[in-house]
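Trainee: Once you've had a glance at the structure underneath, I'll fire off some questions.
The values are calculated or read from the model by the stated rules, or taken from the named source; none is laboratory data. Note that the coordinates shown come from a computational prediction; the quantities given were computed from them, not determined experimentally. Cβ placement follows ideal geometry from the backbone for every residue including glycine, while neighbour counts extend to all protein chains displayed. Note: accessible area is taken over every heavy atom of the protein model, side chains too, but ligands, DNA and RNA are not part of it. Shrake-Rupley method; radii C 1.70, N 1.55, O 1.52, S 1.80 Å.
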Amino acid sequence: TGAALALACLLTACATPPPPPPNGPAPSFAHYRARTLDTAMPGLPAPAAGWDRAQWFRAAQASSPVLAEIRARHWLTQAGEITAAQRPNPTLNLSTEYIAATAGMPAWLYGVALDFLVQTPGTRNRDMAAALLQSAAAAADLTEALWQLRMSLRDALLESVAMAAEAELLDTLIAQREGLLAVARRRTELGESAATEVMRAEVELASASQRRRQAQQSALAARQRLATLVGVPAAAVAETPLRWPGWDRPDGLAAPVGDRDREAALLARPELLRALRETDLAEPEPA
């Protein structure tokens, strides 16, 4: 009885406690609301100086929630490669049996057994190959997520800068329209022009004002998308200067691409690699 009790205590001591419960929505939301660009990526220069596209992309890679989820899936498949290469652990079984002795004294019998799982030939190799293919497919998903993040970040930054510049131009246009409206009203009062000139000037001023409001709303929406991609609240980028020198000169962005580079880029597309790995998983090679 003492040996069985000691063995049970030893097995209980090796057990790990359950993990703590996950945080509720309130602490997570408060933590998210407190995030800033300085805390999201402390290795970058101060955001007040104005980040370029590469710095925004670095910040998004470090703190994007979507990218963090896909990266965790990739790590999980990499762990699956290690698990598939391991030998199955034996199973320890403890058994007891109560017997009645001939002398009338009861007794207990205790038994310890180890069960070993014997795999069929080629099972371990097939598991390792499948785990490797799953890891390659997850790596393709991560590459595709990085590319999608880069394109979304570029679009949000470009729209923010473009809409802000358009709003500034529309401010100048509105000031000019207001001056023309004042002149048209004065000419109408003096009898030098018809009242339709005033109506036309008012319509043009209202149109320019509406376009400015639309540009401001588009710039605000683009900033909100930029904040979502970086993983910070919209207030964290509300006053951050955004810069993209030469955004209005797209001809300077073109770069010569050779046929070999273009062919390599087409063959290395992440969605194509993902489809190939899924095909390999569906049709495994014989062991």
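Trainee: Conditions first: (1) modelled with pLDDT of 80 or more; (2) among the aromatic types (Phe, Trp, Tyr); (3) open to solvent by 80 Å² or more (accessible area, probe 1.4 Å). Residue 98 passes all but one, so which condition is the exception?
Mentor: Of everything listed in (1) modelled with pLDDT of 80 or more; (2) among the aromatic types (Phe, Trp, Tyr); (3) open to solvent by 80 Å² or more (accessible area, probe 1.4 Å), residue 98 misses just condition (1).
Trainee: Sort through 266, 281, 220 and tell me the only one that's open to solvent by 70 Å² or more (accessible area, probe 1.4 Å) and at pLDDT below 80.
Mentor: Selected residue: 266, the only one of 266, 281, 220 that is open to solvent by 70 Å² or more (accessible area, probe 1.4 Å) and at pLDDT below 80.
Trainee: Let me ask something additional. Go through the range 128-187 and report how many residues are free of Cβ contacts under 8 Å to residues at least 24 places away in the same chain and open to solvent by less than 40 Å² (accessible area, probe 1.4 Å).
Mentor: Selection size over the range 128-187: 2.
Trainee: Checking residue 238 against (1) assigned to a loop (DSSP other than H, G, I, E, B); (2) open to solvent by less than 70 Å² (accessible area, probe 1.4 Å); (3) touching a residue at least 40 places away in the same chain (Cβ under 8 Å); (4) not polar (S, T, N, Q), only one condition comes out false. Which one?
Mentor: Unmet for residue 238, out of (1) assigned to a loop (DSSP other than H, G, I, E, B); (2) open to solvent by less than 70 Å² (accessible area, probe 1.4 Å); (3) touching a residue at least 40 places away in the same chain (Cβ under 8 Å); (4) not polar (S, T, N, Q): (3).
Trainee: Then there is this: What's the number of the only condition in (1) modelled with pLDDT of 85 or more; (2) open to solvent by 60 Å² or more (accessible area, probe 1.4 Å); (3) charged (D, E, K, R) that residue 115 fails to meet?
Mentor: Tallying (1) modelled with pLDDT of 85 or more; (2) open to solvent by 60 Å² or more (accessible area, probe 1.4 Å); (3) charged (D, E, K, R), residue 115 fails exactly one: (1).
Every residue, every condition in (1) within 24 Å of residue 229 (Cβ to Cβ); (2) of a type in the set (D, E, K, R); (3) modelled with pLDDT of 85 or more, yes or no:
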site	(1), (2), (3)
71	yes, yes, yes
111	no, no, no
121	no, no, no
133	no, no, yes
149	yes, no, yes
